[in-house]
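Report on one structure; see the data block that follows.
The values are calculated or read from the model by the stated rules, or taken from the named source; none is laboratory data. Everything numeric in this text was worked out from a predicted model, so none of it was measured. Glycine gets a Cβ as well: all are built from the backbone with ideal geometry, and neighbour counts include every protein chain shown.
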Amino acid sequence: MYRVWHFVAEYSLLLIFGAVIALVWANIDIHSYHAFTEFVIWDHAPIGHLHDGHRTLTLHYLVNDVLMALFFAIAAKEVWEAVILKNGSLRGKKAATPLFATAGGMFGPIAVYLGLAAMLGSDTYSAVANGWAIPTATDIAFSYLVGRVVFGAGHPAVRFLLLLAIADDAAGLIILAVFYPSSELAPAWLLFSFAAAALVYLLFNWLPRLLDRGKQDRPNSTRIRKSLGGLPYVIAGCASWYGFMRSGLHPALGLLPIVPAIPHADRAFGIFSEVEKYLHDLLNVLEHALKHPVEIVLFLFGLMNAGVAFSAIGDATWLVLAGLIIGKPVGILLFGWLAAGPMGLGIPQGMRVVDLVVIGFVAAIGFTVSLFVASVAFDPGPVQDAAKMGALFSFAAAALAILAGRLTKIERWDD
């Protein structure tokens, strides 16, 4: 349990601290808050056309579009290892029911969000429809922590929840890339990003290993690692980010093509595993090096995005919240039951079908990614602020999960 608390303290407490400061600041002086977030760092910056059609680098853009690429790179690393490695958690039959439950945890919120929006009338629907992806998100750190509080560290439902959260992250990255471009699409620039990833992989990963074939001391790979470290991948990452920005896809996803190119271990133990810190492959070394920068980035992200006046609460607030606390549990229960029962895929030994309801409430904590999606789904203004408030209110799902756990008489499995 210590490692989980330690992880949340490192990655999430600063995020909450930044969000609380922003929320208080915005409700004391909203004008000075917006003046701070839109502070111009570099006018006429040579990085492409930004929000207002001019080459202006603001503090908000620096955090959301540039620095958050580090956060999504870490998420991509976990997803990549879960999918590609032989013992990856999202491979094989063991992942089938969690993957189906993940689908339900996305379709359910979308159906609730858009269905209720349609009931509120065409004007409301038109105003909020683009935010359909906001309630599909699951905050992996907070959800995992709450899951362990409700079920106990050793309960099979906790691992089920973690698989679901990782798969949700993967789907979220795809949704951001496909449905929320940052500007008019220019797909040719994606070739630049993937060419950078391919080049760095071939020259600094594949070729040294090819030359070292049959040599146990791996002289070429070792020499490149000692002399260059992660520098080639940092340069390739910058090039890939630029390609994403120019392509029209959200630049915060710009490091995704580089992650699979980095040398990695042939085993993965998961982001919350104590063993992870003893892996010294370059991918894990770079992840560890990003730990403290990402802590600061998440603090700044909370500070830049959570500053919403309580007067901004509106239809989008309740739609996001309903999508999360109604759509998530219903979708996860329905799809999980279909997979476990009629489809015959089963659920982990020691779990009950009713546990899927509790898992649904735990997964309804959207927070970080929900805030991010709200910031790209809507232009700055009342609808965006209302949607962000719904993401902030999703913390209420933790209390609902604890209540649901008691009502369904969950027996905790402690370490």
Among the helices (runs of 4 or more DSSP H) confined wholly to segment 1-43, which include 3 or more residues that are surrounded by fewer than 16 Cβ atoms within 10 Å (Cβ to Cβ) and at pLDDT below 90?
-> 2-11
Does segment 140-152 include one or more residues that are in contact with a Pro (Cβ under 9 Å, 6 or more places away or on another chain) and either over 13 Å from GLY366 (Cα atoms) or hydrophobic (A, V, I, L, M, F, W, C) (or both)?
-> no
Taking the residues in segment 173-226 that are outside any helix (DSSP H, G or I) and hydroxyl-bearing (Ser, Thr, Tyr) as candidates, determine which candidate is farthest from ILE262 (Cα to Cα).
-> SER183
Can you confirm whether segment 216-228 contains a residue that is of a type in the set (Gly, Ala, Ser), surrounded by 15 or more Cβ atoms within 10 Å (Cβ to Cβ) and either touching a Phe, Trp or Tyr at 6+ places or on another chain (Cβ under 6 Å) or more than 30 Å from ALA386 (Cβ to Cβ) (or both)?
-> yes
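Condition check ((1) buried (at least 16 other Cβ atoms within 10 Å of the Cβ); (2) closer than 22 Å to ALA75 by Cα; (3) among the aliphatic types (A, V, I, L, M)) across all residues:
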| site | (1), (2), (3) |
| --- | --- |
| PRO187 | no, no, no |
| ALA198 | no, yes, yes |
| TRP206 | no, no, no |
| PRO232 | yes, yes, no |
| ALA236 | yes, yes, yes |
| PHE244 | yes, yes, no |
| SER247 | yes, yes, no |
| HIS250 | yes, yes, no |
Would you be able to tell me the number of residues in segment 92-147 that are surrounded by 16 or more Cβ atoms within 10 Å (Cβ to Cβ), of a type in the set (S, T, N, Q) and farther than 18 Å from ASP385 by Cβ?
-> 5
Failed condition for ASP168, given (1) surrounded by 15 or more Cβ atoms within 10 Å (Cβ to Cβ); (2) more than 18 Å from the chain's Cα centre (by Cα); (3) of a type in the set (Asp, Glu), with all others met?
-> (2)
Return yes when LEU62 is hydrophobic (A, V, I, L, M, F, W, C), within 17 Å of the chain's Cα centre (by Cα) and at pLDDT 90 or above and no when it is not.
-> no
From GLY350, GLY307, GLY346, GLY327, residue being closer than 29 Å to ALA19 by Cα, outside any helix (DSSP H, G or I) and of a type in the set (Gly, Ala, Ser) = GLY307
Selection count where residues are farther than 30 Å from SER126 by Cβ and in a helix (DSSP H, G or I), scope segment 353-405 = 15
Looking only at segment 168-203, and only at residues there that are in contact with a Ser or Thr (Cβ under 9 Å, 6 or more places away or on another chain) and among the aromatic types (Phe, Trp, Tyr), the one that is farthest from TRP80 (Cα to Cα) = TRP189
Of the residues that make up segment 360-368, is at least one without any contact (Cβ under 8 Å) to a residue 12 or more places away in the chain and over 22 Å from GLY18 (Cα atoms)?
-> no
Give the residue that is surrounded by the fewest Cβ atoms within 10 Å (Cβ to Cβ), with candidates limited to residues of segment 358-415 that are among the polar types (S, T, N, Q) and farther than 18 Å from ILE326 by Cβ.
-> GLN384
